[in-house]
Structure formats: C-alpha cells, structure tokens
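Peer 1: Below you will find the structure I want to go over with you.
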Amino acid sequence: MGRDNIITALDIGTKKVTTLIAKIGEDGKIVFIGKGVAENSKGLIAGDVVDVQATARTIQESVAEAEKISSKHIKSVFVGISGEGIRSMNSHGVIPVRGREVAQTDIDRVIEQAKIVTLPDDSDIINVEIGEYTVDGRAGIRNPKGMACRKLEVDVLIVTASRTMLRNLIKAVEDSGLRLDDVLVSGIASSWAVLEEDEKNLGVAMVDIGEGVSDIAIYHKGDPVYVSVVPMGGRFVTDDISKVMKIPPAEAEKIKCQHGSARPDYVSDTEEFKTVVIGTNAPTTKKAKQLSTVMTPRIEEILVEIRTKLAASQKESLIQTDIVITGGTSELKDIQYVAEDIFEQQVRVGIPKIQDSSVGFQDVLSSPAFSTAVGIVNYFANHNNVKFGKKDGFFVKICNFFKNFIE
C-alpha cells in the first residue's frame, strides 16, 4: 500500500470540505489520524464546482488542518464525487474460455467487455463496480480464477459523471496543489461507512441527504445495483427558513439544527427560541412550532423526490431490509419518522463505523455528516488493487487528459 500506508479522503460538499487522513495497518486495521473541516459556502452548487478557485482554497484549508493534527504531509487524495450529472447503468459481459482454467487475463477481459456500453453525451466512466460472475451458467461466483469452464460472464454497475463536472473537480484539486489518485461516487462511499453486510446481501437502499444533494445507492446480493443523485438537500430547508421567517441564512442554519423538527405535531406550542431578523440586530422570539411548519413541506418534498428516484430505478422490489438515511440532514430531529411515512418502510439513521483505535475521533466521526469521508477511506483501504501514488490506470489517464486540455 505504499511506504506510509496512508489514505487521505476528501469529501467536497456544498457546505464544507472534509479531509480525513487514515493509517492502514499490516492487519488491515484503519486508524484515523487527521481531520480537517473548512467551510465551502461559495464553491459548489448541488454538487457541481461553480467556483474553482474558491473550492481550491477551501481544500487547502481543510487539508492543512488535517496535516497539522496528523503530522503528515499530504500529496495526493481520494475524492468523493456527487451531483446531478451522476448516472449508473447495469451491464453484462460474456467471453469464451473454451474449457481451460480461468486466468486473471480472462477476468480482466470479461470486465472490459462489460464496459463496452453507449455512454450518455458528455460523460465518462468514473467507477465500475464488479458484481457476481457466472461460470457455465452457474451464478453467484465471487472469484472464478482457477475454475475450468467454457463461458465466463460478469455483472457490473457502471457509474458515469458529467465530463464538465469531472473536469472542474479535477481542476479544483490540482489547483490546491494535490494529485487526485481516484474518485468514488458519494453514494457508494457512504454505503461503505454505514451499511451492514447482511443489509447489502438481502437488499437495502442507502440515502445520504447532504446540504446540496441527496445520494442514493441500492444494494442487492452484496453489490451496488443502482446509484443516483437528487439535486436537493438541507440547504433548501435552510433557505425556506431564511425567506419565510426573515432570518439571516447563517442564523437559519443554526436554529434549524438546534430547534427544528420535521414533525410539527411533535413540537410543543409553548417552545420558543431567540433569534434575529434580517436588517436588524435586535433579538426577537420565535415559536419552534412555526419553525417546524416552515421546514416540513421542503423535507417532505426532498423525500418524495428520493422515493420517485427509487421507484424509477425499477429496483425498489430488491429492498428487503430497512432504508438507511445518513448525511448531515439526516440528523434533523424527527426526520426518520417523516421518511418512514413517505417510504412506507422502516428507516434507520446510518452512523459511520470506525474502529476503537482511532483515539480522539469517535465522537466526531460518529456523526452522519462524515459518512462519505469515512466511506472513502473504508472503500479504498479494502480494495487490494489500490496503488497509492499510482502513475497509470484509467482514471489517471482522464486526469492527464483534462490537465492537458486545461493547459
């Protein structure tokens, strides 16, 4: 895994940029040793980089904080990617083997065959998630290497991103002085932080409701079979509070987290909080029930849009366990109960799983707001083909192409 066995994850969100530095032990144990968080209020809209230089500066701030805590100098990062330009498609590869034992070259060849698909306009492949193999009609094979067969098949999930989105993300990371080792769609990243293996095997939907977007991933038989993005998140709720109650946006975000509830009927008629009104510094008192009444329609709208995406995937029937919600917006009081009403299914809030040896990070990283960053670390730490500081590979070729194009 490289000299220092270090993974650095970068979650570039609408509200903040999070950097996590983790050390991977010889036994595979993950120990978090650095964390940095920097506000990113101007760089992104709905997952897309709209101000490259502002995002680059925020990345630098976040990484610098993580470096200071970990006493490590970071040169390259693994980055989560989200936004409306994310798409996924299922594909199937088939090759003849002619009765001999399956070699690694055959496995590589059938995966490459599965990747031969018609891509959406202005899109590039960013992730290829390998599902199960089929050997001479026998499905459910995880590793066909060494098995004798005549025909080898594989199911894969291909994830694509808008080329413009990808180019701007690469530019922001490069301008911050870092090398981009690889990207991972945020829905799959968060899944690696909050889902249990039994859930993945039986069939589960994971929804990461962030500030600007909501990432969706459906798993079945242990593998992702669908990912998508709804371009709505917690910032929409904050904007409604600010406009309707005439409260400054920063103050609206604070009271949303401290006093907000997604269920007005759960809020006492007498509960109040102090705030300020736009254009004046004079304090005023507002009713918590009024706040909840403003918030709830937008929360319901976001959840309905997510439910619509799940239904459109034609894979809703594969969800046999809970729906798991995570991300910063999942921490809003009582949102779980609204989600259960809309999804008509049991919902749980997913909290990142970290190991006890990450001393000093348990409280912070157990927040759903860190699911994507923790998941990026977990994903790449568990993929044995990851080469830190790698010089070639499909994604690096894309980075080099965009770098030459920009220059």
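Peer 1: Do we find a residue being out of contact with any Gly (no Cβ under 6 Å at 6 or more places or on another chain), within 23 Å of Asp208 (Cα to Cα) and modelled with pLDDT of 95 or more anywhere in the range 274-295?
Peer 2: Scanning the range 274-295 turns up at least one residue that is out of contact with any Gly (no Cβ under 6 Å at 6 or more places or on another chain), within 23 Å of Asp208 (Cα to Cα) and modelled with pLDDT of 95 or more.
Peer 1: Enumerate the pairs (first residue in the range 25-38 and over 20 Å from Ala66 (Cα atoms); second residue anywhere and aliphatic (A, V, I, L, M) and surrounded by 14 or more Cβ atoms within 10 Å (Cβ to Cβ)) with beta-carbon separation below 9 Å, excluding pairs fewer than 6 apart on the same chain, so at least 6 apart or on different chains.
Peer 2: Gly28/Ala381
Peer 1: Considering (1) over 22 Å from Asp198 (Cβ atoms); (2) at pLDDT below 90; (3) not small (Gly, Ala, Ser), say which one Phe370 fails and leave the rest.
Peer 2: (2)
Peer 1: Hey, Thr134 hits all of (1) within 25 Å of Asp51 (Cα to Cα); (2) in contact with an Asp or Glu (Cβ under 6 Å, 6 or more places away or on another chain) but one; which does it fall short on?
Peer 2: (1)
Peer 1: Let me ask something additional. Right, Ala148: surrounded by fewer than 20 Cβ atoms within 10 Å (Cβ to Cβ) and either over 19 Å from Val374 (Cα atoms) or in contact with a Pro (Cβ under 6 Å, 6 or more places away or on another chain) (or both) or not?
Peer 2: yes
Peer 1: If you check Ile241 against the conditions, is it more than 13 Å from the chain's Cα centre (by Cα) and β-branched (Val, Ile, Thr)?
Peer 2: Judged against the criteria, Ile241 is a match.
Peer 1: Go through the range 266-296 and count every residue that is β-branched (Val, Ile, Thr), under 15 Å from Asp334 (Cα atoms) and not in a helix (DSSP H, G or I).
Peer 2: The number of residues fulfilling the criteria is 1.
Peer 1: Further, regarding this structure: Take Gly203 and tell me if it is surrounded by fewer than 24 Cβ atoms within 10 Å (Cβ to Cβ) and touching a strand residue (DSSP E or B) at 6+ places or on another chain (Cβ under 9 Å).
Peer 2: Judged against the criteria, Gly203 is a match.
For every residue, the table says whether it meets (1) polar (S, T, N, Q); (2) touching a Cys at 6+ places or on another chain (Cβ under 7 Å); (3) surrounded by 20 or more Cβ atoms within 10 Å (Cβ to Cβ); (4) in the same structural domain as Glu132 (by TED's automatic domain parsing).
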site	(1), (2), (3), (4)
Ile7	no, no, yes, no
Val31	no, no, no, no
Ser41	yes, no, no, no
Asp48	no, no, yes, no
Thr58	yes, no, yes, no
Ser70	yes, no, yes, no
Phe78	no, no, yes, no
Glu101	no, no, no, yes
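Peer 1: Picking from Asp208, Asp240, which residue would you name as being surrounded by 17 or more Cβ atoms within 10 Å (Cβ to Cβ) and farther than 25 Å from Ile351 by Cα?
Peer 2: One residue alone meets the criteria, Asp240.
Peer 1: Would you check if there is a residue in the range 22-43 being within 23 Å of the chain's Cα centre (by Cα), charged (D, E, K, R), at pLDDT 90 or above and outside any strand (DSSP E or B)?
Peer 2: No.
Peer 1: Taking the range 293-347 on its own, how many of its residues are buried (at least 17 other Cβ atoms within 10 Å of the Cβ), among the polar types (S, T, N, Q) and in contact with a helix residue (DSSP H, G or I) (Cβ under 7 Å, 6 or more places away or on another chain)?
Peer 2: 5
The values are calculated or read from the model by the stated rules, or taken from the named source; none is laboratory data. Just so you know, these numbers come straight off a predicted model, no measurement behind them. Virtual Cβ from ideal backbone geometry, glycine too; neighbours counted across all protein chains shown.
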